[in-house]
1. Condition (residue is surrounded by 15 or more Cβ atoms within 10 Å (Cβ to Cβ) and either modelled with pLDDT of 85 or more or in a helix (DSSP H, G or I) (or both)) applied to region 95-103: is it met by at least one residue?
2. Which of the residues spanning region 8-45 are free of Cβ contacts under 8 Å to residues at least 12 places away in the same chain and of a type in the set (Gly, Ala, Ser)?
3. Any residue in region 193-202 that is in the same structural domain as residue 158 (by TED's automatic domain parsing), modelled with pLDDT of 65 or more and surrounded by fewer than 13 Cβ atoms within 10 Å (Cβ to Cβ)?
4. Would you check if residue 46 is at pLDDT below 90 and among the hydroxyl-bearing types (Ser, Thr, Tyr)?
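The values are calculated or read from the model by the stated rules, or taken from the named source; none is laboratory data. Remember, predicted model here, so these are calculated numbers, not experimental data. Cβ atoms come from the backbone with ideal geometry, glycine included; neighbour counts cover every protein chain shown.
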Amino acid sequence: MIMKTVLIVDDEKSFLLAACDGLVRRRNSFRVLAAESCRQAMDILSSTTVDLLVTDLKLPEVDDFALLAWVSQQQSRLPVIVMSTFAPSEIELRLSRLNIQQFIHKPLDIDALERAIVSVFSIRKNTVLHGITLVGFLQMVKAGRMSCTLNVSSHAKKGALSLHRGELIDAEMDCCTGMEAAIEILSWNNAKIEMDVRYRCPMVRISSPLEYILMDAFKVKDNLPLFNGSDAEGDFAQDPPHPTWV
């Protein structure tokens, strides 16, 4: 098996050394590279194949978001984990448009960082998933707070589910969008699931909790009257999703 490569970027040398040493000691399934600046990270990314970028948000030399912006343009398929000591609303808004897989609040322990890395590596990009139900996979994505698009098909029917930090925020079919599409897709039997983490935050058309949507989907399967998860949106309405900090 080809070993994965993780690049960790942080201007705090003590943290960088501790993180690299801890991850190397705990794992033998990925190798760790380190960079102390955005420019050094860009040089490494330009010359070396990297499978995951872990970066601190506050870095010297260039704008805080320059590395993330560069990655989104030059290596848009590269998953990113962001570490930071703060999360003001302006930062959340800007990050929502980038391919950020997870956020980790600093200070953090190495175990938390390791769990985040393993969760990103657990499923390959554009992986067709077998042996797992759509509902079961949604629960896994929610637990991992992942952002992705699930392309779902069942016989001749096709649709897509958009998840942001593990929350279902939109669904699309040829005939409908939002809650209606989500209920229809989740009611399908023997669904084929393809996960694509090349994600950009779409329009937020669903704000109901996943549990309510699943209740309606199960009732569609059983030909029962719908609970109508959309009725719950008044009680559970949310602003557009913001990054979840762990």
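1. Yes: one or more hits.
2. 14
3. no
4. No, not satisfied.
So that you can scan it fast, the table gives a plain yes or no per residue for (1) assigned to a helix (DSSP H, G or I); (2) not basic (Lys, Arg):
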position: 149; (1), (2): no, yes
position: 158; (1), (2): no, no
position: 161; (1), (2): no, yes
position: 171; (1), (2): no, yes
position: 174; (1), (2): no, yes
position: 182; (1), (2): yes, yes
position: 185; (1), (2): yes, yes
